[in-house]
Amino acid sequence: MYSTLHFTTKEAENLRKNLTNISPRGPKRNDLIAPAPSKENFDEIFKSMEGWAKANILPLLKPANKCWKPQDFLPDASSDGFHDQLRQLQERTKGIPDEYFGVVVGNMSTEEALQSYHSHINGTEIFHDKTGVDDTPWAIWARGWSAEENRHGDLLNKYLYLSGRVDMKQIETTIQYLIAAGQDVATANNPYLWTIYTSFQERQAAIVHGNMARLAKQHGDANLAQICGTIAADEKRHESAYTKMVGKLFELDPNGMIIALAYMMRRRIKMPSYLMYDGYDDHLFQHFSDVLMRIGAFNASDYGGILEHLVSKWKVKKLTGLSSEGRKTQDYVCELAQRITRLEERAQSKAIKEVPTVSFSWIFDRKV
């Protein structure tokens, strides 16, 4: 998620008490997580969806031999023209400001923590791959999704290395801290919560990478624009898969899903790399988020816009046959998008005015 974290003083103090040896400044969110919605009979519901998933979800994965590869966008080290290609790449990056590269690094670090995301989906009921080679559509999807996502971090990492604009050792340190810190995005092992979270997260990622493509083009680097745009297209395709899953679940269990959606919205969808740490900056994720918004890669209205889009996509306003609790929750969710947008816009406007420039170890401690 690319929105910022907002904690009260008391919450912040509680977070500071949950430090780990592996990520000494990285807070965990366990103390802020309320119990998940009551567990439904997931096995029965998802079992009934298997034929549908094979026909509608698995085709959204592309065969490996038909997917783009990082090398498609990078200089070929085995060719005679490698050094010329490298010089051209570095020349194109000279006109790109440091703050843009700071955001690319943050995005890349998020993508490179793929191990945590695969671990999370594999720990989720229904998607859990018991043998490592399960043939259920849910296990096949989880492996295929992870395999496709793996290319994103690979490509951005190599591009940043070749650019010469960033401190790769500090970036590598950040990634190691992030993977070791783990991840808690408030979905526990609940597949309802997981599919809602990933629908939101994939759309956010597509928006951010798409905006980074636009900005790269403005800065004169068409190659980097193509890279970010290609990644954004992948995220859109993955978003389509998860939103289809949620849509089908709303058909089969509208009460369970509307309560799950409200649960996730009350806790806000957080970017999976909120435990980001580089060994120096205790508030690295917050600083990264501030720059992300400052350059226009993700804005306050985007958060509410995503919710509004998904509520419309899943036809939440038209749900019928709900319990009294379900109807109250339906009203809450349908009114939430505009409220979120208003609150986020106020918070962002204030934040942009008040947040000073900070140094990033990723770009040799230069301030942005």
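Listed values, structure above:
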quantity: Accessible area of the chain belonging to carbon and sulfur atoms, whole % at 1.4 Å probe; calculated: 50
quantity: Hydrodynamic radius (Kirkwood) for segment 164-272, which is based on Cα pairs only, to one decimal in Å; calculated: 16.0
quantity: Percent of C-alpha pairs per 10 Å bin, segment 238-333, short to long; calculated: 13, 38, 26, 17, 5, 0
quantity: Length released on extending from THR320 to SER119, taking residue separation times 0.36 nm less the Cα-Cα span; calculated: 68.8 nm
quantity: Expected 222 nm ellipticity per residue - DSSP helices of 4 or more, -39500 (n - 2.57), all of the chain, to 500; calculated: -20500 deg cm²/dmol
quantity: Helical segments meeting 24 Å axial Cα length and Kyte-Doolittle -1.0 threshold in the chain (DSSP H); calculated: 137-163, 191-218, 222-252
quantity: Pairwise Cα inverse-distance average, inverted: Kirkwood Rh of segment 64-113 (Å); calculated: 13.1
quantity: Radius 10 Å from Cβ of THR136, net charge of other residues (Lys, Arg +1; Asp, Glu -1); calculated: -1
quantity: Descending semi-axes in Å of the chain, equivalent ellipsoid built from Cα gyration tensor; calculated: 34, 25, 19
quantity: Neighbour net charge for PHE288 - beta-carbon separation under 11 angstrom, K R +1, D E -1; calculated: -3
quantity: Overall dimensions of segment 188-347 as given by Cα atoms, namely Rg and Dmax in Å; calculated: 17.1, 56
quantity: Relative contact order (%) - criterion: Cα under 8 Å, at least six apart; region: segment 139-254; calculated: 25
quantity: Label-to-label distance, nm, for residues given as ALA233 and GLN71 (7 Å Cα→Cβ offset); calculated: 2.0
quantity: Percent RCO, i.e. relative contact order, over the chain, from Cα pairs under 8 Å lying at least 6 residues apart; calculated: 24
quantity: Which listed pairs, of LYS54/LYS248; LYS158/LYS244; LYS69/LYS270, have C-alpha distances above 24 Å, in listed order; calculated: LYS158/LYS244; LYS69/LYS270
quantity: Å² per residue, accessible surface of the chain at 1.4 Å; calculated: 45
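The values are calculated or read from the model by the stated rules, or taken from the named source; none is laboratory data. Because the structure is predicted, anything quoted here is derived from the model rather than measured. When we count neighbours, we look across all protein chains shown, and the Cβ atoms used for this are built from the backbone with ideal geometry, even at glycine. These accessible areas exclude ligands, DNA and RNA; they are computed on the full protein's heavy atoms, side chains included. Shrake-Rupley method; radii C 1.70, N 1.55, O 1.52, S 1.80 Å.
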